[in-house]
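Derivation of every value follows stated rules applied to the coordinates shown; laboratory data play no part. All values reported here derive from a predicted model rather than from experimental measurement. Glycine also receives a Cβ, built like all others from the backbone with ideal geometry; neighbour counts cover every protein chain displayed.
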Amino acid sequence: MLVLNQTLIFLILMLVGMYARKKGMLNKEAEAKISAIVVNIAYPAIILSGVTGTGPHIGTSDFLEAIFAVILLLVLTIVAASLLPRLMGYKKEQRGIVNLMVVFTNIGFMGVPMIQGIYGPDALIYMTVFLIPFNLLFYSYAMKVIRGKNSEPFRARDLLNAGMIACVLAIVVYFADIRLPYVITTSINMVGSMTAPLAMMLVGSFLLDVKWKEMFLDVRTILFTLIKMIVLPVAITFIVSLFIKNVYVLSVCMAALATPSGNVLALLASIYNKEAYPTALAGIAMTTLVSVVTMPIAFWLGGLG
């Protein structure tokens, strides 16, 4: 019920974004600026907000358990993501983007606010543990896959982004037990609270750009969506649950897998792999549209609803 309530909240916020777009309050220029605020300010703030409270801290064993879980999850997900486009008969130039749509979800826009909404800020430390390797993989593995033959060598400075810096700071503040002044923590919490409303409004606006009739006639996109949004999250989280019993960790695993494919992948495809762009746009739009229904189903099937 908690997951369903949270996804319904997301749906309402998406509808608000659609309304704003229809009325001209949102346009492409505004979307770009709001996206920059979410990615560089609100999203890092919500990560930091999870470590500025006075609640009980997780122990070393729980922290190591979370690290083991994210490594296992990523290995299983990357293997599944490598096999899926081949098994589904995608063309060679499309396989890379399909691979990435499985691995890199909208965990920042939807996963983080969902975990906070369901379990409160104390659970965000587990999400932070997950976000660091996800960011590392995105700026190395993902960029290499999407650029293909035109891939540039990985550069350490690519990791110097607001999200990664916030993750590292959160780990330091949390385990060093640094108590920040009330004015600072309150400001961080207020800025972080903007993440879900702004992000979901942007998603709602983005959905108005999609040619839905054509997409709903594409059987392969529909099949991909079912596998990516329900089958893989439930199966992989079940495997992780054979080794991990911590509900917070398992819920973060499910949130990392069951959220829609990341919007940024379509942008990257439009720049570095134009042949894969239509596939990226269709997959991201469909997974985003159905997520309001599929996420509660995935959590319920995984025994986490």
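So what's the gap between the Cα centers of region 25-73 and region 191-218, to the nearest angstrom?
20
Given the options 247, 51, 38, which has the most mean-square fluctuation in a GNM of the chain, springs set between C-alpha atoms less than 10 angstrom apart?
Taking springs between Cα atoms under 10 Å, the residue moving most is 247.
Could you tell me how many cubic angstrom of Cα convex hull volume region 228-305 has per residue?
Values: hull volume 6.9 nm³, N = 78.
Each residue corresponds to 88 Å³ of Cα convex hull volume.
Through the Karplus equation 6.51 cos²θ - 1.76 cosθ + 1.60, θ set to phi - 60°, convert the phi angles of region 62-68 into ³J(HN,Hα) values in whole Hz; use x for Gly and Pro.
Couplings: 5, 5, 5, 4, 5, 5, 4 Hz.
If I build a Gaussian network model for the chain, linking alpha-carbon pairs within less than 10 angstrom, which residue out of 103, 79, 290 has the largest mean-square fluctuation?
79
Classify the chain: rounded, prolate or oblate, from the alpha-carbon gyration tensor (a ≥ b ≥ c, eigenvalue square roots; a/c under 1.5 rounded; otherwise prolate if a/b is larger than b/c)? Intermediate values should be presented prior to the final figure.
Working: a/c = 1.43, a/b = 1.25, b/c = 1.14.
Verdict is rounded for the chain.
In straight Cα distance, which aspartates and glutamates are under 19 Å from residue 33, not counting same-chain residues fewer than 8 positions off?
Once the sequence-local aspartates and glutamates are set aside, what remains near residue 33 is 209.
With runs of 4+ DSSP H residues as the only contributors, calculate the mean residue ellipticity of the chain at 222 nm using -39,500 (n - 2.57) per run, divided by the residue total and rounded to the nearest 500. Could you put the intermediate results ahead of the total?
On the way: 17 runs with 212 residues, N = 305.
Using -39500 (n - 2.57) per qualifying helix, the result is -22000 deg cm²/dmol.
For the Cα atoms of the chain, what angle does the longest principal axis make with the long axis of helix 182-192, in degrees from 0 to 90, nearest 10?
Its long axis makes an angle of about 10 degrees.
Could you give each residue of region 233-238 its phi-based ³J(HN,Hα) in whole Hz, using Karplus coefficients 6.51, -1.76, 1.60 with θ = phi - 60°, and x for Gly or Pro?
3J(HN,Hα) across region 233-238, in whole Hz: x, 5, 5, 6, 5, 4.
Within a 10 angstrom radius of the beta carbon, how do 140, 251, 241, 261 rank from fewest other beta carbons to most?
140, 241, 251, 261
Would you mind ranking 35, 291 by Cβ crowding within 10 Å, fewest neighbours first?
Listed from fewest to most nearby Cβ atoms, that is 35, 291.
Roughly how tilted is helix 28-37, in degrees to the nearest 10 and between 0 and 90, from the longest Cα axis of the chain?
Once rounded, one gets 30 degrees.
Taking the Cα centre of the chain as the origin, how large is its charge dipole in debye, to the nearest 20, when only Lys and Arg (+1) and Asp and Glu (-1) carry charge on their Cβ atoms?
Details: 21 positive and 13 negative charges, 174 e Å.
With only Lys, Arg, Asp and Glu charged at Cβ, the dipole is about 840 debye.
Report the residue, chosen from 108, 192, 120, that carries the largest GNM mean-square fluctuation when the chain is represented by alpha-carbon nodes joined by springs under 10 Å.
120
Among 211/274; 28/228; 144/211; 28/211; 92/274; 92/211, which pairs are too far apart, with a Cα-Cα distance over 20 Å? Show your work: numbers first, answer last.
Details: 211/274 18 Å; 28/228 29 Å; 144/211 29 Å; 28/211 17 Å; 92/274 13 Å; 92/211 24 Å.
Long pairs (Cα-Cα over 20 Å): 28/228; 144/211; 92/211.
Using the number of other C-beta atoms within 10 angstrom as an exposure proxy, rank 29, 275 with the fewest first. Can you show the working numbers first?
Details: 29 8, 275 13.
In increasing order of surrounding Cβ atoms, one gets 29, 275.
In whole Hz and in residue order, list the ³J(HN,Hα) couplings for region 96-109 that follow from phi through the Karplus curve 6.51 cos²θ - 1.76 cosθ + 1.60, θ = phi - 60°; x for Gly and Pro.
Coupling constants for region 96-109: x, 6, 5, 3, 5, 5, 7, 6, 9, 9, 7, 5, x, 6 Hz.
Quick one: which residues, 5 or more positions from residue 105 or on another chain, have an amide H under 5 Å from its amide H? H modelled 1.01 Å from N in the peptide plane, none for Pro or chain starts.
Close amide H contacts, sequence-distant or interchain: 262.
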